[in-house]
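J.: Below is the structure I would like to discuss, written out as structure tokens.
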Amino acid sequence: MPDLSKMTCIEDLRVVAQRRVPRMFYDYADSGAWTEGTYRANESDFQKIKLRQRVAVNMDGRSTRSTMVGEEVTMPVAIAPTGLTGMQHADGEILGARAAKAFGIPFTLSTMSICSLEDIAENTDRHPFWFQLYVMKDRDFIERLIERARAANVSALQLTLDLQILGQRHKDIKNGLTAPPKPTLRNLIDLATKPRWCMGMLGTKRRTFGNIAGHAKGVKDLSSLSSWTAEQFDPTLNWADVEWIKKLWGGKLILKGILDVEDARLAAASGADALIVSNHGGRQLDGAPSSIEALPAIAEAVGTEIEVWMDSGVRSGQDVLKARALGARGTMIGRSFLYGLGAYGEAGVTRALQIIQRELDLTMAFCGRTQIDEVDSSILLPGTF
């Protein structure tokens with residue numbers, strides 16, 4: 001295992017990941033829709049929020065431990081579902097799930113993952129994990145996917161509501177994104193500069209969408225998988241479908257992609273266990289508010305009826321603390337996790353989690369708190385949020 005002690009912030013990991021991950025997959029992770037204005041605001045709006053430093057407070061006995069939908073967590077952070085994770089690093093979802101298990105936080109597998117539900121269960125000794133569901137037109141496939149999640153020991157289902165249609169991401173179009181990458185001259189030249197990535201991919205059989213290939217009707221090869229995926233996202237998704245999935249699943253349900261107070265009230269009324277304030281990392285509606293900007297009003301409107309979490313823009317433990325202060329019971333990290341994974345594999349994911357927890361612990365102490373569950377908006381400087 002490499003000595004990553006000099007990796008002191010998430011940005012350090014990002015720089016290494018950009019060097020080691022093929023361009024189309026790095027750009028897939030590190031980009032937004034259209035002008036990328038919302039993508040950038042997710043980070044910059046966190047930076048506008050200022051903290052109140054307190055002194056002469058007993059800082060002994062600190063703890064970042066909390067719960068998310070009743071599950072004990074080392075810190076109020078879970079790994080978010082990210083598509084094509086196994087293209088950032090060979091077997092990426094397995095490595096992320098292992099790191100999360102060892103660290104004591106939840107891991108969420110995406111429908112559009114490279115490693116399958118069964119891969120995660122097999123390689124983590126059936127440790128509980130979460131699964132993110134996209135609603136497809138093929139409802140028989142969805143029913144079978146939910147049953148597979150149950151069989152894999154998934155403890156909570158995340159239903160994504162903000163991707164009925166796909167936002168336009170210019171970099172993906174220009175790069176000709178495919179999994180695995182097509183053997184074009186441009187791609188081959190890029191891959192020649194990424195020997196670690198290539199060696200990892202040569203050593204694994206997992207190179208396409210593991211939850212779909214071999215499971216969806218009519219999907220037998222890469223070309224049929226590509227056309228099936230392009231046609232299957234269901235633009236008719238509505239709250240009746242949420243109720244159908246809730247009954248079909250029967251377990252803990254989390255609704256992902258809420259940005260509006262009215263939708264938050266509908267989410268709370270649906271009987272779901274948690275909602276995630278999220279703009280899909282700025283990858284859907286460019287011009288929408290940042291997640292941290294949308295969070296306070298939603299938390300105030302429904303925070304006593306349903307657990308409120310947030311994602312999009314979390315790059316540090318300070319961001320986690322600010323989200324907690326503004327009403328989020330938990331947070332989720334996507335890019336921060338992917339940078340660590342792309343840079344150093346499982347060890348990189350572990351280092352990303354260590355960085356975030358240390359920042360969270362120290363910042364909480366400087367703000368005069370020793371328990372994460374005691375944090376509220378009084379740690380923030382009035383007028384900055």
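The values are calculated or read from the model by the stated rules, or taken from the named source; none is laboratory data. Note that this is a predicted model, so its numbers are computed, not measured. Note that we place each Cβ from the backbone using ideal geometry, even for glycine, and neighbour counts take in every protein chain shown. When the accessible area is computed, the model is the full protein with side chains, heavy atoms only, and any ligands, DNA or RNA have been set aside. Shrake-Rupley method; radii C 1.70, N 1.55, O 1.52, S 1.80 Å.
J.: Please determine, by comparing only the residues of region 38-72 that are of a type in the set (Gly, Ala, Ser) and surrounded by fewer than 16 Cβ atoms within 10 Å (Cβ to Cβ), which one is nearest to Glu293 (Cα to Cα).
T.: Only one residue fits best here, namely Ser44.
J.: Regarding Gly218, is this residue of a type outside the set (D, E, K, R), over 24 Å from the mean Cα position of the chain (by Cα) and not in a helix (DSSP H, G or I)?
T.: Here the answer is yes, as Gly218 does meet what is asked.
J.: Quick test for you: out of Ala288, Ala328, pick the one residue that is closer than 30 Å to Leu13 by Cβ, in contact (Cβ under 8 Å) with a residue 60 or more places away in the chain, in a loop (DSSP other than H, G, I, E, B) and more than 18 Å from the chain's Cα centre (by Cα).
T.: Ala288
J.: Could you list, in sequence order, the residues of region 93-139 that are of a type in the set (D, E, K, R) and either open to solvent by 10 Å² or more (accessible area, probe 1.4 Å) or within 18 Å of Leu225 (Cα to Cα) (or both)? It would help to see each step written out before you state the result.
T.: Step one: of region 93-139, the residues of a type in the set (D, E, K, R) are 93, 98, 101, 118-119, 122, 125-126, 137-139.
Residues satisfying the conditions are Arg98, Lys101, Glu118, Asp119, Glu122, Asp125, Arg126, Lys137, Asp138, Arg139.
J.: Would you pick out the residues in region 95-115 that are aromatic (Phe, Trp, Tyr) and farther than 15 Å from Asp125 by Cβ?
T.: Result: Phe103, single match.
J.: Could you grab me the full set of residues in region 192-226 that are at pLDDT below 95, surrounded by 12 or more Cβ atoms within 10 Å (Cβ to Cβ) and hydroxyl-bearing (Ser, Thr, Tyr)?
T.: Selection gives Thr208, Ser224, Ser226.
J.: Restricting to region 364-378, name every residue that is within 26 Å of the chain's Cα centre (by Cα) and either open to solvent by less than 80 Å² (accessible area, probe 1.4 Å) or in contact (Cβ under 8 Å) with a residue 60 or more places away in the chain (or both).
T.: If the condition is that a residue be within 26 Å of the chain's Cα centre (by Cα) and either open to solvent by less than 80 Å² (accessible area, probe 1.4 Å) or in contact (Cβ under 8 Å) with a residue 60 or more places away in the chain (or both), then Met364, Gln371, Ile372, Asp373, Val375, Asp376, Ser377 are the ones that fit.
J.: Could you say which residue among Ala17, Ala41, Ala33 is of a type in the set (Gly, Ala, Ser), at pLDDT 95 or above and not in a helix (DSSP H, G or I)?
T.: On the way: Ala17 fails: not in a helix (DSSP H, G or I); Ala41 fails: not in a helix (DSSP H, G or I).
Only one candidate passes the filter, namely Ala33.
J.: Within the group Glu293, Glu300, which residue is in a helix (DSSP H, G or I), in contact (Cβ under 8 Å) with a residue 24 or more places away in the chain, over 16 Å from the mean Cα position of the chain (by Cα) and surrounded by fewer than 18 Cβ atoms within 10 Å (Cβ to Cβ)?
T.: Checking each option against the conditions leaves just Glu300.
J.: Residues to consider are Leu321, Leu338; find the one that is part of a helix (DSSP H, G or I) and within 15 Å of the chain's Cα centre (by Cα).
T.: Within the list Leu321, Leu338, the selection yields Leu338.
J.: Quick check on region 172-187. Is at least one of its residues within 26 Å of the chain's Cα centre (by Cα) and on the phi > 0 side of the Ramachandran plot? If you could, list the steps in order and put the result at the bottom.
T.: Restricting attention to region 172-187, the residues satisfying the condition of being within 26 Å of the chain's Cα centre (by Cα) are 172-181.
From the residues that got through so far, the ones that are on the phi > 0 side of the Ramachandran plot too are 176.
Within region 172-187, one or more residues are within 26 Å of the chain's Cα centre (by Cα) and on the phi > 0 side of the Ramachandran plot.
J.: Which residue pairs have Cβ atoms under 7 Å apart, sit 6 or more places apart or on different chains, and have a first residue in region 36-62 that is in contact (Cβ under 8 Å) with a residue 24 or more places away in the chain and closer than 29 Å to Asp172 by Cβ and a second that is among the basic types (Lys, Arg) and not in a loop (DSSP other than H, G, I, E, B)?
T.: From residues that are in contact (Cβ under 8 Å) with a residue 24 or more places away in the chain and closer than 29 Å to Asp172 by Cβ, the pairs are Phe46/Lys322.
J.: If you don't mind, another one. Being assigned to a helix (DSSP H, G or I) and under 15 Å from Arg144 (Cα atoms) is the filter; apply it to region 233-251 and report the residue that is most open to solvent (accessible area, probe 1.4 Å).
T.: Lys247
J.: State all residues of region 263-280 that are in a helix (DSSP H, G or I) and open to solvent by less than 10 Å² (accessible area, probe 1.4 Å); if no residue qualifies, say none.
T.: Ala264, Ala267
J.: Determine if region 242-250 includes at least one residue that is acidic (Asp, Glu) and either within 20 Å of Leu338 (Cα to Cα) or within 24 Å of the chain's Cα centre (by Cα) (or both).
T.: Yes, because at least one residue in region 242-250 is acidic (Asp, Glu) and either within 20 Å of Leu338 (Cα to Cα) or within 24 Å of the chain's Cα centre (by Cα) (or both).
J.: Look through region 252-262, keep the residues that are in contact with a helix residue (DSSP H, G or I) (Cβ under 8 Å, 6 or more places away or on another chain) and either of a type in the set (Gly, Ala, Ser) or within 21 Å of Leu166 (Cβ to Cβ) (or both), and return whichever of them is surrounded by the fewest Cβ atoms within 10 Å (Cβ to Cβ).
T.: Our first condition is that a residue be in contact with a helix residue (DSSP H, G or I) (Cβ under 8 Å, 6 or more places away or on another chain); within region 252-262, this holds for 253, 255, 257-261.
Checking the rest, the ones that are also either of a type in the set (Gly, Ala, Ser) or within 21 Å of Leu166 (Cβ to Cβ) (or both) come to 255, 257-260.
On the way: Leu255: 28, Gly257: 21, Ile258: 29, Leu259: 23, Asp260: 14.
In this case the residue turns out to be Asp260.
J.: Quick check on region 154-191: of everything there that is open to solvent by 40 Å² or more (accessible area, probe 1.4 Å) and among the basic types (Lys, Arg), which residue is modelled with the lowest pLDDT?
T.: Lys182
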